[in-house]
Amino acid sequence: MIKTVVLLSGRGSNFKALLEADLPVTFTAAISNRPDAAGLEYARARGIPAIALDHKHYQTREEFDAALIHAIDGTGADLVILAGYMRILTKAFVEHYAGRLINIHPSLLPMFPGLRTHEAALREGVKIHGCTVHFVTAELDHGPIIIQAAVPVLPDDGPDSLAARVLAQEHRIYPQAVRWFAEGKLAISDGRVNVREDGVSQWVLAAS
Ligand code: GRF
């Protein structure tokens, strides 16, 4: 079983979806930079170590990320999953976990990197929006794409209704991506990810 650490900062619904997906991984810890993150409760409820590492106690981003690496590697983790982790990562951190650090982003990357993606999608008037699971590289919200899901943008959508439609798909594609990783099926070449499995789809089109 692949040893996996989840980093989160808040609600933790993606972490919950991963826990409920019965994946072939062992969660060795959930770590949050916010001690009060609701998502840590899902770990506690399952007897998974829940670690709070408050970034406010560190002088620099480099010091904090070094402590984070220490905590993650202390669990023997092979894979690091970002699930609503709201901190910019240092280059040293990203390089340390190259090829085994994945993230979910609430847009169809490379469109709408950064925050407030649903507002941006509505502002631009796009008719299709979605979410992306990708390997993390030093460039924010870039990196080889593992799987994407697309949803329609409806005429009366606001940021909340659109976010909810996207989130339902996040909960679907993140477990799929982690399963592929755990089964050793992901191959990266020329910055692109392929799945070593016949007939598998790396996209989801959700009607609603
Ligand atoms: C999700 O929308 C995810 O795509 C983004 O942060 C949000 C986290 O939500 N990176 P949750 O904490 O998993 O509920």
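Observations, loosely collected:
Rundown of residues vs (1) within 15 Å of the ligand (Cβ to nearest atom); (2) in the same structural domain as Val5 (by TED's automatic domain parsing); (3) of a type in the set (Val, Ile, Thr), yes/no style:
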| residue | (1), (2), (3) |
| --- | --- |
| Arg34 | yes, yes, no |
| Leu40 | yes, yes, no |
| Arg44 | no, yes, no |
| Ile48 | no, yes, yes |
| Arg61 | no, yes, no |
| Ala67 | no, yes, no |
| Asp73 | no, yes, no |
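- Among the conditions (1) hydrophobic (A, V, I, L, M, F, W, C); (2) away from the ligand (no atom under 14 Å from the Cβ); (3) at pLDDT 95 or above, Val200 misses just one, which is (3).
- Every test in (1) buried (at least 23 other Cβ atoms within 10 Å of the Cβ); (2) assigned by TED's automatic domain parsing to the domain that holds Pro175 is passed by Ala83 save one, and that test is (2).
- Summed over region 54-72, residues that are in contact (Cβ under 8 Å) with a residue 12 or more places away in the chain, within 16 Å of Val5 (Cβ to Cβ) and out of contact with any Ser or Thr (no Cβ under 7 Å at 6 or more places or on another chain) total 7.
- The strands (runs of 3 or more DSSP E) found entirely in region 1-53 that carry 3 or more residues being closer than 19 Å to Leu89 by Cβ and not acidic (Asp, Glu) are 2-8, 25-32.
- Complete set of residues in region 1-29 that are of a type in the set (A, V, I, L, M, F, W, C) and within 11 Å of the ligand (Cβ to nearest atom): Val6, Leu7, Leu8, Phe15, Ala17, Leu18
- Residue in region 119-137 that is of a type in the set (Lys, Arg) and out of contact with any His (no Cβ under 8 Å at 6 or more places or on another chain) present: yes
The values are calculated or read from the model by the stated rules, or taken from the named source; none is laboratory data. Bear in mind that the values here come from a model prediction, so they are computed numbers and not experimental data. In this analysis, Cβ positions are derived from the backbone assuming ideal geometry, glycine residues included, and neighbour counts consider all displayed protein chains.
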